[in-house]
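The values are calculated or read from the model by the stated rules, or taken from the named source; none is laboratory data. A quick note: this is a predicted structure, and the numbers were derived from the prediction, not measured. Positions of Cβ are backbone-derived with ideal geometry, glycine not excepted, and every protein chain shown enters the neighbour counts.
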Amino acid sequence: MATELAPRQAPVESPPAPPARRIWRHGWLYLMVLPGLAYFLIFRYWPMYGLTIAFKDYLPFLGYSGSPWVGLKHFEELLTGPDFARIMVNTLILALLTLLFVFPAPIVVAVLLNEVRHSVLKRSVQSLIYIPHFLSWTIVASLTYVLFSVDYGVIAQAIHAVVGGRPVDYVAQEAWFRPIIVLQSLWKQTGWGTIVYLAALAGVDTQLYEAARVDGAGRWRQFWHITLPGIRPALVVMAVLTSGQLLDTGFEQIWLMTTSLNRSVADVFDTYVYQVGITQGGYSYATAVGLFKAVIGVLLIFGTNWLAKRLGERGLY
Amino acid sequence: MGRGSKVFDVLNAVFLLGLGAITVLPLLYVLAGSFASESEIESRHFFLWPEKFVTTTYDYIFGTDTFLRALLTTVAVTAVGTLIQVALTLTMAYPLSKSYLPGRTLALNLVIFTLVFSGGMIPTYLVVRDLGLLDSYWALVLPLAINPFYLIIVKTFFQALPEALEEAARIDGAGDLTVFLRIVLPLSKPVIATFSLFYAVAIWNDYTSPLLYLSDSHKWTLQMLVRQLTAPDADSANVLESLQGYAFPEQGVKFAVIVIATVPILLFYPFLQKHFAKGVLIGSVKE
């Protein structure tokens, strides 16, 4: 450039004006933020204030502040009540099954997809397996009922044709409740879950693979020594996140698969809150149940993160 | 490459194609079944093409007021709701992207905290009730009006826009509002498209909100109707009013409502995929 650089013009924003002036000058920005802020205060923070009714006997005509305090009464009722053991066990079993089957599935599929060299094949499979993520739980539940129904369900019939014996009513029997929930979760979420791991896999340095090939490492050893360490940070983050949601069994999925016949295995915290709160109107007790679950969830996420850090991983925060 | 490696490639391809097939076959079967006669659904096993292509099921359900009302309601709530939610998200995200605004950090922390903790089902229900929104369509839109994740992603996107463009407009005398409407929004079309789709899918698919907040069966959305027609103890002939001179296609109705509730999502799916594949949703949350 031929011309001498002119002295820089003072930027519009500097020197920093006093806050009051800056607020006035950006009045429009504050107006714009108001509706959103109102949303958060009304629909996110007001309910948090509403959590106080977990420690009260809430009566609608007395309101939040007028209802009498009862301390930990509702929590004691939950912990000593007849429903607690069943709900806790059901929730924990579903959580365990999720950890065992639903959590690893996307990792396996992502690794397998990553091994595919044929990009059309890879992208077609991806396009197909992402679809169910966008379908509602209502659709998934309805599909399950249609496909597994004892009368005309094609899957039920196919199993019957192979196994023989008496036809099984899969959607009504207690014994089949958990397998069906796991199958639904696998069908709906595995494909979508691969995205995180595929992103991590794409980030692995390809030079490492070349170097390993030069050293004579086969695909299995490349996987073991390069791919797996490459996705480990993503894996740890997902494990910590999943553990925080262990007790979130997903209200819609469970509720839609709950029938009068499978209550003993289907009732979990989320659906129990709905039943005792909305159906029976026990607002305070149901709020206490929800709060109990939420607190355990937060503890789990801190606990797992602490554990991950102790094991030398980076963790979530 | 060794022979073992070749064998692995083939097996892998077969496995993955099988996975893709398991994913879509149920949907294709239900689609085929919705165009088959009652007797065909009952007599034939798995099929992907009806022997005799009939539209009696669709004729039936489109002939009932219950179904048409649910469909129109859902379309209207989804359209209006998406508009409101996207507008709220954009207008809140833009000021939050300006680090020089006093109070911005506080507002941002207020948003982030809701990612970790929420009041839960019952307290939220009570707020909706106290606001007099029970049995109102607003209850399907307002309680979920802003998804904090989306808000933060949009905010991060705004932050990444070149400041020079906005500066140039300001030197020309444009105020904050003009900059937002004339410069920022036109640059954000892909992001707006993406989150419109995500919000729309969420409203369309929502079952919990209508279950919690709508007790009047005349106000049911499509998802509620699908549920009422396919539940194992469903009395589907009574959910849809019976039509004079038609036999009630009990199985076919289940197939057809599933198809109708799914097809709009599948129509938008290519657009959804185009955007999320670019990683719009991943990795952009951290500042």
Fill in the blank from the handout: Taking region A:130-162 and the residues there that are more than 22 Å from the chain's Cα centre (by Cα) and outside any helix (DSSP H, G or I), the one that is farthest from A:Thr194 (Cα to Cα) would be A:Asp151
Practice task
Consider only pairs whose beta carbons are under 8 Å apart and that are at least six residues apart or on different chains; among these, list those whose first residue lies in region B:173-188 and is at negative phi and whose second residue is part of a helix (DSSP H, G or I) and of a type in the set (Asp, Glu).
Solution key: B:Val179/B:Glu166; B:Ile183/B:Glu166; B:Val184/B:Glu166
Fill in the blank from the handout: The lone condition B:Gln228 fails out of (1) in a helix (DSSP H, G or I); (2) within 14 Å of chain A (Cβ to nearest Cβ); (3) touching a residue at least 12 places away in the same chain (Cβ under 8 Å); (4) closer than 30 Å to A:Thr279 by Cβ is (3)
Practice task
Just one of (1) within 13 Å of chain B (Cβ to nearest Cβ); (2) within 24 Å of A:Leu79 (Cα to Cα); (3) buried (at least 16 other Cβ atoms within 10 Å of the Cβ) trips up A:Met257, so point out which.
Solution key: (2)
Exercise for the section: Within region B:155-170, identify whether any single residue is farther than 16 Å from B:Ala70 by Cα, at the interface with another protein chain (Cβ under 9 Å from one of its Cβ atoms), out of contact with any strand residue (DSSP E or B) (no Cβ under 6 Å at 6 or more places or on another chain) and in a helix (DSSP H, G or I), and answer yes or no. Expected result: yes
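Pick from A:Ala239, A:Ala308: which is more than 14 Å from every other protein chain (Cβ to nearest Cβ), over 30 Å from B:Leu214 (Cβ atoms) and touching a Gly at 6+ places or on another chain (Cβ under 7 Å)? Spell out how you get there, then give the answer.
Working: A:Ala239 fails: touching a Gly at 6+ places or on another chain (Cβ under 7 Å).
The unique qualifying residue is A:Ala308.
What do you reckon, is A:Ser127 at the interface with chain B (Cβ under 8 Å from one of its Cβ atoms) and not in a loop (DSSP other than H, G, I, E, B)? Spell out the reasoning first.
Working: at the interface with chain B (Cβ under 8 Å from one of its Cβ atoms): yes; not in a loop (DSSP other than H, G, I, E, B): yes.
Yes, satisfied.
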Handout entry: Qualifying positions in region A:203-240 - closer than 30 Å to A:Pro132 by Cα, over 19 Å from the mean Cα position of the chain (by Cα) and in contact (Cβ under 8 Å) with a residue 60 or more places away in the chain
Key = A:Phe223, A:Thr227, A:Ile231, A:Arg232
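For region B:23-45, give me each residue that is part of a loop (DSSP other than H, G, I, E, B) and among the aromatic types (Phe, Trp, Tyr). So that I can check it myself, show each step before the final result.
Within region B:23-45, the subset part of a loop (DSSP other than H, G, I, E, B) is B:35-37, B:44-45.
Of everything in region B:23-45, just one residue is part of a loop (DSSP other than H, G, I, E, B) and among the aromatic types (Phe, Trp, Tyr), namely B:Phe35.
From the residues in region B:97-115 that are more than 7 Å from every other protein chain (Cβ to nearest Cβ) and not in a loop (DSSP other than H, G, I, E, B), which one is nearest to B:Glu167 (Cα to Cα)? If you could, list the steps in order and put the result at the bottom.
We begin by selecting, within region B:97-115, every residue more than 7 Å from every other protein chain (Cβ to nearest Cβ); these are B:97, B:99, B:103-106, B:108-109, B:112-113, B:115.
Subsequent filtering for residues that are not in a loop (DSSP other than H, G, I, E, B) retains B:104-106, B:108-109, B:112-113, B:115.
Values: B:Arg104: 20, B:Thr105: 23, B:Leu106: 25, B:Leu108: 24, B:Asn109: 27, B:Ile112: 29, B:Phe113: 32, B:Leu115: 33 Å.
The selected residue is B:Arg104.
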Exercise for the section: Specify the residue that is farthest from A:Leu94 (Cα to Cα); the eligible residues are those in region A:163-191 that are within 31 Å of the chain's Cα centre (by Cα) and among the charged types (D, E, K, R). Expected result: A:Asp169
Practice task
Give A:Pro19, A:Pro47, A:Pro35 a once-over and let me know the one that is farther than 20 Å from B:Ala93 by Cβ, at pLDDT 80 or above and either facing chain B (nearest Cβ under 7 Å) or under 42 Å from the mean Cα position of the chain (by Cα) (or both).
Solution key: A:Pro47
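Considering each of B:Ala93, B:Ala87 in turn, give the residue that is loosely packed, with under 15 Cβ neighbours inside 10 Å, within 11 Å of chain A (Cβ to nearest Cβ) and closer than 22 Å to B:Leu197 by Cα. Explain how you work it out, then say what you get.
Details: B:Ala93 fails: loosely packed, with under 15 Cβ neighbours inside 10 Å.
Just a single option satisfies the conditions, and that option is B:Ala87.
Could we say that B:Leu151 is in contact with a Gly (Cβ under 7 Å, 6 or more places away or on another chain) and in a helix (DSSP H, G or I) here? Working first, answer last.
Details: in contact with a Gly (Cβ under 7 Å, 6 or more places away or on another chain): no; in a helix (DSSP H, G or I): yes.
No; evaluated as a whole, the condition is false for this residue.
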Practice task
Report yes if some residue within region B:188-197 is part of a loop (DSSP other than H, G, I, E, B), more than 14 Å from B:Thr74 (Cβ to Cβ) and more than 9 Å from every other protein chain (Cβ to nearest Cβ); otherwise report no.
Solution key: yes
Exercise for the section: Scan region B:127-157 residue by residue and report those that are under 24 Å from A:Thr52 (Cα atoms) and among the charged types (D, E, K, R). Expected result: B:Arg129, B:Asp130
Problem - Any hit, region B:124-136, residues being more than 10 Å from chain A (Cβ to nearest Cβ) and either surrounded by 18 or more Cβ atoms within 10 Å (Cβ to Cβ) or part of a helix (DSSP H, G or I) (or both) - result: no
Problem - Single residue of region A:50-73 satisfying the filter (modelled with pLDDT under 90, surrounded by 12 or more Cβ atoms within 10 Å (Cβ to Cβ) and among the hydrophobic types (A, V, I, L, M, F, W, C)) that is nearest to the chain's Cα centre (by Cα) - result: A:Leu59
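Rundown of residues vs (1) part of a loop (DSSP other than H, G, I, E, B); (2) within 23 Å of A:Ala105 (Cβ to Cβ); (3) free of Cβ contacts under 8 Å to residues at least 40 places away in the same chain; (4) within 11 Å of another protein chain (Cβ to nearest Cβ), yes/no style:
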{"position": "B:Ser5", "(1), (2), (3), (4)": "no, no, yes, yes"}
{"position": "B:Ala21", "(1), (2), (3), (4)": "no, yes, yes, yes"}
{"position": "B:Phe47", "(1), (2), (3), (4)": "yes, no, yes, yes"}
{"position": "B:Thr57", "(1), (2), (3), (4)": "no, no, no, no"}
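Are there helices (runs of 4 or more DSSP H) fully within region A:200-317 with at least 1 residues that are touching a strand residue (DSSP E or B) at 6+ places or on another chain (Cβ under 9 Å)? List them. Explain how you work it out, then say what you get.
Numbers: elements: A:206-214, A:219-222, A:228-244, A:251-257, A:263-266, A:269-274, A:283-310.
By residue number, A:283-310.
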Problem - Of all residues in region A:90-118 being within 14 Å of another protein chain (Cβ to nearest Cβ) and not aliphatic (A, V, I, L, M), the one that is farthest from A:Leu300 (Cα to Cα) - result: A:His118
